[in-house]
Amino acid sequence: MAYINDIFKDEIRDGFLVTSDRKKIWEKEIDILLLIDKICKENDIKYFVDYGTLLGTIRHKGFIPWDDDLDIMMTRPDYMRFQKIALKGLPAPYHYQCIYTDGPWMFSKVRNSNTTGYEKRYDIPNMNQGLWVDIFPLDIVPDANPNSELIFTMMYIIYLMAFSPSTVSELRKQKGSELIVDDETLNNLSHMDYKERFKQFELFALSNYDNSENESTLLYYILLDNYGKKKSWAKDTILMPFENIEVPVPNGYDDILKTYYKDYSKFVVGTSEHNNVVQSADIPYKEYLQKISDKLLT
């Protein structure tokens, strides 16, 4: 079954030229999504599309023409269950990428090793650089309960300890006393390697997931200033058309999209967020990286 119509033909979608090469990339990404979907169905794990993929589903019934990746969400409990399964290994050519394997992020990806999705900013030895689907965990963010603010702040400090202990050290100096997380805990964390520190963050986030009615992707909530969403907006999912398949959409998609984009029915033809990524559905990333290496040596 072809997931994308007329995959070998260029076409204009919403005023944007979608090339055959882009369609082939989309096809591979949907193939990855269907592997994730299979694992989730077999293990009673809920996920749903979000960010640009959710917008594309509602507004375009498929990919936004100028977008080139897929984003899905899982609650922290479901994410941890999925991660435990995926870390045991995926069938070739698929690869689960996270901080415990070869990824530098707080979220994870499933990649296809027979393709190329080379992210130039990540020059990490032995990192899988195939096309991917992003998987984001949803953690609590503050609601009306003051206790949730306290827990969120503690979670954020533990997160910072995983990726930037020096930032926490600087905060301790500025405060002149203990932070919300006590000094003993911070000292214990500082003696762990970054993977173990991140594991402590994940366990804290998991154990506190029920302590707020709001949730978000932690990093985006911090960077983009209050991208918090009500958990009730994703309590259930609805299957909706996406190209030639169906994808799970959160029941409160209208509220979610308005939070992100305000009037999401209007759009301006744009460019992908991944302009610095080299993508190919036909060339394995190792072959592409070898070509780069050969050029540097000549």
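A short reminder: the numbers here are calculations on the coordinates, not readings from a lab. All of these numbers come straight from a predicted model, not from anything done at the bench. We place every Cβ from the backbone using ideal geometry, glycine too, and count neighbours over all the protein chains shown.
So which residues in the stretch 1-54 are aromatic (Phe, Trp, Tyr), assigned to a loop (DSSP other than H, G, I, E, B) and surrounded by fewer than 18 Cβ atoms within 10 Å (Cβ to Cβ), if there are any at all?
Once the filter is applied, which keeps residues that are aromatic (Phe, Trp, Tyr), assigned to a loop (DSSP other than H, G, I, E, B) and surrounded by fewer than 18 Cβ atoms within 10 Å (Cβ to Cβ), the stretch 1-54 yields only PHE8.
Confirm whether SER212 is within 18 Å of THR167 (Cα to Cα), in contact (Cβ under 8 Å) with a residue 24 or more places away in the chain and among the small types (Gly, Ala, Ser). Walk me through it before giving the result.
Details: within 18 Å of THR167 (Cα to Cα): no; in contact (Cβ under 8 Å) with a residue 24 or more places away in the chain: yes; among the small types (Gly, Ala, Ser): yes.
For SER212, the condition - within 18 Å of THR167 (Cα to Cα), in contact (Cβ under 8 Å) with a residue 24 or more places away in the chain and among the small types (Gly, Ala, Ser) - is not met.
Please enumerate the residues belonging to the stretch 235-266 that are buried (at least 17 other Cβ atoms within 10 Å of the Cβ) and in a loop (DSSP other than H, G, I, E, B).
GLU243, GLY252, TYR264, listed by residue number.
Pick from SER212, SER166: which is buried (at least 17 other Cβ atoms within 10 Å of the Cβ) and among the hydroxyl-bearing types (Ser, Thr, Tyr)?
Numbers: SER166 fails: buried (at least 17 other Cβ atoms within 10 Å of the Cβ).
One residue alone meets the criteria, SER212.
Kindly evaluate THR57 against the criterion of being surrounded by 15 or more Cβ atoms within 10 Å (Cβ to Cβ) and polar (S, T, N, Q).
So THR57 passes the test.
Does the stretch 192-204 contain any residue that is under 17 Å from the mean Cα position of the chain (by Cα), in a strand (DSSP E or B), crowded, with 17+ Cβ neighbours inside 10 Å and not acidic (Asp, Glu)?
No, the stretch 192-204 contains no residue that is under 17 Å from the mean Cα position of the chain (by Cα), in a strand (DSSP E or B), crowded, with 17+ Cβ neighbours inside 10 Å and not acidic (Asp, Glu).
Which of the following residues is of a type outside the set (Gly, Ala, Ser) and closer than 23 Å to ASN128 by Cβ: ILE32, ILE58? Break it down into steps so the answer makes sense when it comes.
On the way: ILE58 fails: closer than 23 Å to ASN128 by Cβ.
The unique qualifying residue is ILE32.
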